[in-house]
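The values are calculated or read from the model by the stated rules, or taken from the named source; none is laboratory data. Nothing here was measured: the structure is a model prediction, and the numbers come from that model. Note that we place each Cβ from the backbone using ideal geometry, even for glycine, and neighbour counts take in every protein chain shown.
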C-alpha cells in the first residue's frame, strides 16, 4: 500500500520523503512544500495490537520532531472484526469523524469483481 501511495506523488511539485527519522522514530511519509507546509502520513494496520496507543501518542511525537501540526493517520482493515475494532478504538479516543483519520476498507469479500461488471 505504501508503494502505491508513493507512486501517487510521482512528478508532483511536493517533496515526498519516506521513513523520515527526526529523532523519535521514522514516520511513514513526510510531504512538504517548504518548511512552512508539511504534513506527516502514518499508515497503520487495524490488526496492530498497539493501535490505540499509536493513535494517542505516536503521531503527536512525530509532529513535534518534524515541527508541524499537520498529520494524517491511515488505517487499513481486512475484515469486519478489524473494522469493529477500529471503530471501538476511535470511539474510545473521541476520534470518530476526525478529518485527519482515513479508513481503508481492504476486505476482499465485499467488492464486486471487475471481470463480471
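On the basis of being modelled with pLDDT under 75 and in a helix (DSSP H, G or I), does residue 4 make the cut? Criteria met by residue 4. At least 2 residues being loosely packed, with under 14 Cβ neighbours inside 10 Å and at pLDDT 90 or above is the threshold, and among the strands (runs of 3 or more DSSP E) wholly inside the stretch 21-96 not one reaches it. Going by the structure shown, is residue 54 in contact with a strand residue (DSSP E or B) (Cβ under 7 Å, 6 or more places away or on another chain) and farther than 25 Å from residue 109 by Cβ? So residue 54 passes the test.
Scanning the stretch 91-109 for residues that are within 15 Å of the chain's Cα centre (by Cα) and in contact (Cβ under 8 Å) with a residue 12 or more places away in the chain yields a total of 8.
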